[in-house]
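Take a look at the structure below.
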Amino acid sequence: MPKKTKTGTVFVCRSCGKKSEKGNEIKITEKIVKENKIRIVDSKEDELPTTENLCPECGNKEAFWWMQQTRSIDEPPTRFYKCTKCGHTWREYS
């Protein structure tokens, strides 16, 4: 942040307090930490709830389902289905 002093303007870091005179080159760095996304790959199917939903592959009328946030947090979650008969997986956007 720029800060005025008796001798002129200096730049002062809010985090560490390091000062740099105006005209000097200032290097700004930022550490970006990536978070691991949680993903359901194969769940124990007996633990998943079931619903009536038509499988587009085999025509079975029952499927396991789960919800997962696949887009930004201000968007609704995506509902995934897995056929109880053939195991085909598909999604439905809300």
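The values are calculated or read from the model by the stated rules, or taken from the named source; none is laboratory data. All values derive from a computational prediction rather than experimental measurement. Positions of Cβ are generated from backbone atoms using ideal geometry, with glycine treated the same way; all protein chains shown enter the neighbour counts.
For the range 75-94, a residue qualifies if it is farther than 19 Å from Glu47 by Cβ, without any contact (Cβ under 8 Å) to a residue 24 or more places away in the chain and in a loop (DSSP other than H, G, I, E, B), and the qualifying residues are Glu75, Pro76, Ser94. In the range 53-67 there is no residue matching the filter, namely being at pLDDT 70 or above and closer than 30 Å to Ser15 by Cβ.
Among all positions in the range 24-46, there is no residue which is modelled with pLDDT of 65 or more, surrounded by fewer than 11 Cβ atoms within 10 Å (Cβ to Cβ) and in contact with an Asp or Glu (Cβ under 9 Å, 6 or more places away or on another chain).
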